[in-house]
Every structure is written in structure tokens, then in C-alpha cells.
1. Can you tell me how much longer the chain between Leu97 and Lys72 gets when fully stretched, taken as 0.36 nm per residue apart minus their C-alpha distance, in nm with one decimal?
2. When the chain is modelled as a GNM with alpha-carbon springs shorter than 10 Å, which of Asn47, Asn84, Asn73 fluctuates the most?
3. Over the chain, what is the relative contact order in percent, taking alpha-carbon pairs closer than 8 angstrom and at least six residues apart?
4. Relative contact order for region 12-99 using alpha-carbon pairs under 8 Å, separation at least 6, rounded to a whole percent?
5. Heads up, I need the accessible area for Phe150: 1.4 angstrom probe, whole protein in place, Å², nearest 10.
6. What GluC sites (Glu not before Pro) in region 1-110 are in a loop by DSSP, with at most 15 other Cβ atoms within 10 Å of the Cβ?
7. Test of understanding: what is the full-extension gain from Asn118 to Met87, defined as 0.36 nm times their sequence separation minus their Cα-Cα distance?
8. Which one, Leu147, Ile128, Ile57, projects farthest toward the positive side of the charge dipole computed for the chain from Cβ point charges (K/R +1, D/E -1)?
Amino acid sequence: MLNTHLSSIKAQDIELGTIDIATFGANVDGMIIYKNTTGDAEFMSINCIINGLYKVIADYYPIVMGRPSIGKNGKGVIVVDPDNLCMPDIAELSVELPAEHFFETRNYKNGDMVKFFNLRKFFRESGISALPEATFSHDHSAAIVRLIRFKDSPYVVLYVSLPH
């Protein structure tokens, strides 16, 4: 099924605009926390994540699997070659602490209690000191995805790093 999605990617040179070149190397990173409220053993399986990512990339963002180059007109381009795709770096990580260990609740300005995931505490205590950032070079993945599972916890973190 994964190859079905990737096989739909067409060869193309995507010309970069001035803003693209000016922000080349800037990353868009994000962590999304999901809670398995149904107890489903297959919740957020790595194969489901990979399959979904490949479908979205193939259908809407093939540029993510391209490689930077200079076009025939001397302008910057991202070359998408179906025979030489820049595959995303996707991995599943495990943390030996429950996700709840990293949640904190604080009193916000207006008196509301706000629950948040303490990222500094996560990097300090989880055994994961940093998460990789995407680079858009000839040999590195332009997309980084980490699925982070926690011990005895219904929470899963999806971390994604993409270049601008």
C-alpha cells in the first residue's frame, strides 16, 4: 500500500520563489499529543502514520521528497525524481516514564487552570535529549517524524519537522 502512494509521484522541478530562497533552511517543527481514549492496541501504529504521511506527501506535497538543485534557467528548484526520492526519516521512540509525568497545570492570568506538556522536563528526564530537525540537503531527509510512546500511558506524541 505504501508503494501505491509513492508510485503516484510525478517527476517535476518545482521552482523556488524569493521568499522560499530567503527562508531556505528554516524549519517548521511541532509536537501533537494524542490520547487513546478507546484503549485500541493499534492506536497510532507506526504503519498507519507512515501510510498516512506518504499519502499526504504524494497527493499534496511531493516537494517534501525532492532534492534542492539549480534549474536550467539558473534558479533554485526542488527536483522531485520518483526514482530518487528523498525519503522521510520516520522512527518510533519509547520513553520509560508515563506522559503524565511531563504534564503540568498552571494558573493562567485570568484564573483559568492550563494544562501543558513541559518540554524542558521531557528533554531533561525522558532519555531523549533532543529531537532531530529537518534539513533540505542532498543526502538528508527533508521530513522527520517521531512517534513517541510512553510507559503505561494512553498518550502518544507525534513530532514532525519539515523545512520551509
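1. Working: separation 25, 0.36 × 25 = 9.00 nm, distance 5.26 nm.
Result for the pair: 3.7 nm of gain on full extension.
2. Result: Asn73 has the largest fluctuation of those listed.
3. Worked out over the chain, it gives 32 percent.
4. On the way: 62 pairs, mean separation 32.8, N = 88.
This gives 37 percent for region 12-99.
5. 20 Å²
6. Working: sites: Glu15, Glu42, Glu92, Glu96, Glu100, Glu104; in loops: Glu42, Glu96.
Sites meeting the loop and neighbour criteria: Glu42, Glu96.
7. Numbers: separation 31, 0.36 × 31 = 11.16 nm, distance 3.06 nm.
The span from Asn118 to Met87 would gain 8.1 nm if fully extended.
8. My answer, from the dipole projection, is Ile128.
The values are calculated or read from the model by the stated rules, or taken from the named source; none is laboratory data. Predicted model only: the values in this text are computed from it and were never measured. Virtual Cβ from ideal backbone geometry, glycine too; neighbours counted across all protein chains shown. SASA here: full protein model, heavy atoms, side chains in, ligands and nucleic acids out. Shrake-Rupley method; radii C 1.70, N 1.55, O 1.52, S 1.80 Å.
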